[in-house]
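The values are calculated or read from the model by the stated rules, or taken from the named source; none is laboratory data. Please read all numbers here as calculations on a predicted model, not as lab measurements. Neighbour counts run over all protein chains shown; Cβ positions are idealised from the backbone, glycine included.
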Amino acid sequence: MLGGTVIGAYAEGGVQERPLDYDHGNFKYEEFVGLPADADMTAKFEHYLRSPEVLGEKYDYTGLFEFAELAIEGHLRHHVFCSALVDDALRGCGYFPRPLPVPAHKINPLFLKQMLYARPDIVIMDRTSPVFLAHIAPKAGAVP
């Protein structure tokens, strides 16, 4: 997020905005994906994620069963996990050039990553990347 935070769907507490370093360095591997967007698209993306209807949505535990392809329809309305949350926000701000034929609650992390990586204009980075150090770390108070 522009302020140096992250918004995600967490098993403990649902959709929340947290500081970028909320894990206190416990993650072994992190990957940041910079998505090109104009100011209007960015504002729509952030507005969606910070809306009262989205913040606080419950974590969609039963929806995860669908990824196992067990023919179980487990998704609960107004429950979400991270890849669906980000997919909903990207759809809402018009990031994808055409409508997607798959509902957001069926977008797993690998599927979302593939959709984003298909664009040649994204920037893949870690905490030592020049883009991260110049634009994200100062806003988040993040230490590489």
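Structure above, values below:
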{"quantity": "Counted residues, the range 4-24 - those being under 10 Å from L55 (Cβ atoms) and either out of contact with any Leu (no Cβ under 9 Å at 6 or more places or on another chain) or crowded, with 18+ Cβ neighbours inside 10 Å (or both)", "calculated": "3"}
{"quantity": "Entirely in the range 71-144, the helices (runs of 4 or more DSSP H) that have 3 or more residues that are of a type in the set (A, V, I, L, M, F, W, C), modelled with pLDDT under 90 and in contact with a Phe, Trp or Tyr (Cβ under 8 Å, 6 or more places away or on another chain)", "calculated": "none"}
{"quantity": "Those residues of the range 1-40 which are outside any loop (DSSP other than H, G, I, E, B), under 14 Å from V80 (Cα atoms) and not aliphatic (A, V, I, L, M), in sequence order", "calculated": "G8, Y10, G14, Q16"}
{"quantity": "When residues of the range 92-106 are limited to those that are surrounded by fewer than 17 Cβ atoms within 10 Å (Cβ to Cβ) and without any contact (Cβ under 8 Å) to a residue 40 or more places away in the chain, the one nearest to L55 (Cα to Cα)", "calculated": "P103"}
